[in-house]
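Asker: This structure is in structure tokens; I'll ask about it shortly.
The values are calculated or read from the model by the stated rules, or taken from the named source; none is laboratory data. Treat the numbers as computed from the prediction; the structure is a model and nothing was measured. All Cβ positions, glycine included, derive from the backbone under ideal geometry; neighbour counts span all protein chains shown.
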Amino acid sequence: VTYGVLISGFAKDGNSEAAENWFQDLRSKGLPLNQIIYSSIINAHCKAGNMRRVEELFLEMEKLGYPAALGIYNTIMDGYVTLRDENRCLEIFRKIKDTGIQPTIVTYGCLIHLYIKMKKISRALEVAKEMQSNGIVHNKMTYSMLIDGYVQIGDPLNAFLVFEEMMEAGLKPDVVTYNILVHAYCKQGDMGKALAILGHMKKEGHTPTLQTFTSIIDGFAKHGDVRLAMETVNRMKRSGLRPSATTYNVMMNALVQERQMNKALSILDEMILAGIAPNKRSYTILMEGYACIGEVGLAFAFFNRIKDEGLEVDVITYGALLKACCKSGRMQSAREILREMADAGFECNPFIYNTLLDGWAQRGDMWQAEEVLQEMKNGGFSPDICSYTSFLNACCKAGDMQRAAETLEVMRNAGIQPN
RNA sequence: CAUGAACAGCACGAUACU
């Protein structure tokens, strides 16, 4: 029991190392293990994404003859949801059914969550249907996930339709549901409505959370009111909430959009002083700013800082570096970055190709631009409106209006309307 | 009346023109 308390405590704390150590300690003492211990240690590793270890433990547990409760399956599935591993999730789901266990709403919730995260709403709806056909009715969480799914893909209309359905089902929205609605309005820039929801949720006795405020701050920032954004930060602090890394990122992004790099940097300082560790997004936001003003060196400096601090880089980080090069005409450096990116195992996506296209276009190099277009197609992506606009730009800069006119045709034939 | 697990939902970064 004592070990169980410790292991589950560390699991909750997100410290899978410590949990594992206590688990080993317990085992070396030859004390009896049981399902509770296993579910705690599996939980710890799921939260940390150590799914290899999870599988090991699970097999071990089965071998020792402890029956796997549904809760463990759900926990493991959730671990794979975080990793967006659809195949493993489905395998587990199948296994649950094969074992003759009835999936619960939590099981279905995990699957719905998976598809929402993958932005495959239609699949999420199918799962919901199957759930209902098995006699399980939606609860606040499953509804909230669907509402959020629509918000994420920029379809507030359907989001609100689901919300109404939820109300009609007699379910009262909770903080998370309200946060999702606030987010929906903020995304559209309808700040009046967002604030109205804020007022309403308070009236219903729900205390706004970090997410509530951060959505509002971001909404103001992205829709042209940095001042109100910053005032909201103060309002949030007065209400007793400390800004999180996300909140600081939102603030920096607001300032970066206005090219107030020094102010953005002072937010970074404030963040560190507050004991909040910047993450890769924090630095990418700054890199973007420097890229836009042609400060290639500073963009690189922050890129190195990400690595130095042991944080991961990703395609978006590389994209910011590329942009820094392309915007300042340093196409040779851009090439090198592409190579480095490929070596690091990242594939080009349309954003990357379009950044490159833009780089060549600005120099009026229609030929290199054409090559990128071709590579893009070879890479399995169809050029989009951005690609063609850049290419047109390249043609015009190169003085080849004939080619520009042809490109317009090509676009139309590809089903892309010039805007 | 006193010890452990049991699980799912919300906020931030990238491409052209504007």
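Asker: Pairs only if they're at least six apart or on different chains, beta carbon under 6 angstrom, first in the range A:1-12 and of a type in the set (V, I, T), second more than 7 Å from RNA strand B (Cβ to nearest atom); list them, first residue then second.
Answerer: Listed by first residue and then by second, the contacts come to A:I7/A:A19; A:I7/A:W22; A:I7/A:F23; A:I7/A:I41.
Asker: Quick one: would you say A:L90 is in a helix (DSSP H, G or I), more than 11 Å from RNA strand B (Cβ to nearest atom) and within 22 Å of A:L114 (Cα to Cα)?
Answerer: Numbers: in a helix (DSSP H, G or I): yes; more than 11 Å from RNA strand B (Cβ to nearest atom): yes; within 22 Å of A:L114 (Cα to Cα): yes.
Criteria met by A:L90.
Asker: If you don't mind, another one. Suppose the filter is within 12 Å of RNA strand B (Cβ to nearest atom) and either basic (K, R) or modelled with pLDDT of 95 or more (or both); does A:F160 pass it? Walk me through it before giving the result.
Answerer: Numbers: within 12 Å of RNA strand B (Cβ to nearest atom): no; either basic (K, R) or modelled with pLDDT of 95 or more (or both): yes.
In short, no.
Asker: I've got another one for you. Name the single residue, out of those in the range A:27-77 being outside any helix (DSSP H, G or I) and aliphatic (A, V, I, L, M), that is nearest to RNA strand B (Cβ to nearest atom). Even if it seems obvious, please write down each step before you answer.
Answerer: Here is the first cut: in the range A:27-77, the residues outside any helix (DSSP H, G or I) are A:29-34, A:49-50, A:64-69.
After this cut, where a residue has to be aliphatic (A, V, I, L, M) as well, the list is A:31, A:33, A:64, A:68-69.
Numbers: A:L31: 10, A:L33: 8, A:L64: 14, A:A68: 10, A:A69: 5 Å.
Ranking the candidates gives A:A69 first.
Asker: From the list A:G65, A:G71, A:G100, A:G135, which one is free of Cβ contacts under 8 Å to residues at least 12 places away in the same chain and closer than 30 Å to A:L31 by Cα?
Answerer: Details: A:G71 fails: free of Cβ contacts under 8 Å to residues at least 12 places away in the same chain; A:G100 fails: closer than 30 Å to A:L31 by Cα; A:G135 fails: closer than 30 Å to A:L31 by Cα.
That would be A:G65, the only listed residue that is free of Cβ contacts under 8 Å to residues at least 12 places away in the same chain and closer than 30 Å to A:L31 by Cα.
Asker: Count, please, the residues in the range A:182-231 that happen to be within 21 Å of A:D155 (Cβ to Cβ) and either free of Cβ contacts under 8 Å to residues at least 12 places away in the same chain or of a type in the set (D, E) (or both).
Answerer: Going through the range A:182-231 one residue at a time, the tally reaches 5.
Asker: Filter the range A:241-279 down to residues that are under 17 Å from A:V313 (Cα atoms) and surrounded by 21 or more Cβ atoms within 10 Å (Cβ to Cβ) and give me whichever is farthest from RNA strand B (Cβ to nearest atom).
Answerer: The qualifying residue farthest from RNA strand B (Cβ to nearest atom) is A:P278.
Asker: Restricting the range A:308-326 to residues that are more than 6 Å from RNA strand B (Cβ to nearest atom), not in a helix (DSSP H, G or I) and not β-branched (V, I, T), which is surrounded by the fewest Cβ atoms within 10 Å (Cβ to Cβ)?
Answerer: By that ranking, first place goes to A:G310.
Asker: Among the numbered conditions (1) under 19 Å from the mean Cα position of the chain (by Cα); (2) over 22 Å from A:S144 (Cβ atoms); (3) among the small types (G, A, S), tell me where A:S244 comes up short.
Answerer: Unmet for A:S244, out of (1) under 19 Å from the mean Cα position of the chain (by Cα); (2) over 22 Å from A:S144 (Cβ atoms); (3) among the small types (G, A, S): (2).
For (1) within 12 Å of RNA strand B (Cβ to nearest atom); (2) surrounded by fewer than 20 Cβ atoms within 10 Å (Cβ to Cβ); (3) farther than 21 Å from A:H45 by Cβ, each residue gets a yes or a no:
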| site | (1), (2), (3) |
| --- | --- |
| A:V81 | yes, no, no |
| A:D85 | no, yes, no |
| A:G100 | no, yes, yes |
| A:V106 | yes, yes, no |
| A:L114 | yes, no, no |
| A:K117 | yes, yes, no |
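Asker: Which of the residues belonging to the range A:346-405 are within 30 Å of the chain's Cα centre (by Cα), under 24 Å from A:A320 (Cβ atoms) and away from RNA strand B (no atom under 13 Å from the Cβ)?
Answerer: Scanning the range A:346-405 gives A:E375, A:G379, A:G380.
Asker: Let me ask you something else. For the range A:165-180, state whether one or more residues are of a type in the set (S, T, N, Q) and within 8 Å of RNA strand B (Cβ to nearest atom). Can you show your working first?
Answerer: In the first step, residues of the range A:165-180 are kept if they are of a type in the set (S, T, N, Q); the result is A:177, A:179.
Checking the rest, the ones that are also within 8 Å of RNA strand B (Cβ to nearest atom) come to A:177, A:179.
The answer is yes, given that some residue of the range A:165-180 is of a type in the set (S, T, N, Q) and within 8 Å of RNA strand B (Cβ to nearest atom).
Asker: Among the residues of the range A:119-137, is there at least one that is within 9 Å of RNA strand B (Cβ to nearest atom), surrounded by 15 or more Cβ atoms within 10 Å (Cβ to Cβ) and closer than 28 Å to A:K172 by Cβ? Quick ask: steps written out before the conclusion?
Answerer: Start the filter on the range A:119-137 by keeping residues that are within 9 Å of RNA strand B (Cβ to nearest atom), which leaves none.
No.
Asker: Next question. In the range A:199-222, how many residues are aromatic (F, W, Y) and either surrounded by fewer than 18 Cβ atoms within 10 Å (Cβ to Cβ) or within 8 Å of RNA strand B (Cβ to nearest atom) (or both)? Walk me through it before giving the result.
Answerer: The initial filter retains those residues of the range A:199-222 that are aromatic (F, W, Y), namely A:213, A:220.
Now narrow it down to the ones that are either surrounded by fewer than 18 Cβ atoms within 10 Å (Cβ to Cβ) or within 8 Å of RNA strand B (Cβ to nearest atom) (or both): A:213.
Residues that pass the stated criteria total 1.
Asker: Something else now. It is to be established whether one or more residues within the range A:25-35 are within 20 Å of A:I96 (Cα to Cα), modelled with pLDDT under 95 and surrounded by 15 or more Cβ atoms within 10 Å (Cβ to Cβ). Please lay out each step first, then the result.
Answerer: Quick first cut of the range A:25-35, residues within 20 Å of A:I96 (Cα to Cα) only: A:35.
Remaining after also requiring modelled with pLDDT under 95: A:35.
With surrounded by 15 or more Cβ atoms within 10 Å (Cβ to Cβ) added as a condition, the list becomes A:35.
Within the range A:25-35 (the criterion being within 20 Å of A:I96 (Cα to Cα), modelled with pLDDT under 95 and surrounded by 15 or more Cβ atoms within 10 Å (Cβ to Cβ)), the answer is yes, since at least one residue qualifies.
Asker: Show the residue pairs meeting these rules: Cβ distance below 8 Å; 6+ apart or different chains; first residue within the range A:162-179 and without any contact (Cβ under 8 Å) to a residue 60 or more places away in the chain; second residue β-branched (V, I, T) and more than 9 Å from RNA strand B (Cβ to nearest atom).
Answerer: That search, which allows pairs on different chains as well, returns A:A169/A:V137; A:V175/A:T207; A:Y178/A:I197.
Asker: Here is a follow-up. Report whether or not A:R305 is assigned to a helix (DSSP H, G or I), within 24 Å of the chain's Cα centre (by Cα), more than 8 Å from RNA strand B (Cβ to nearest atom) and surrounded by fewer than 17 Cβ atoms within 10 Å (Cβ to Cβ).
Answerer: Yes, satisfied.
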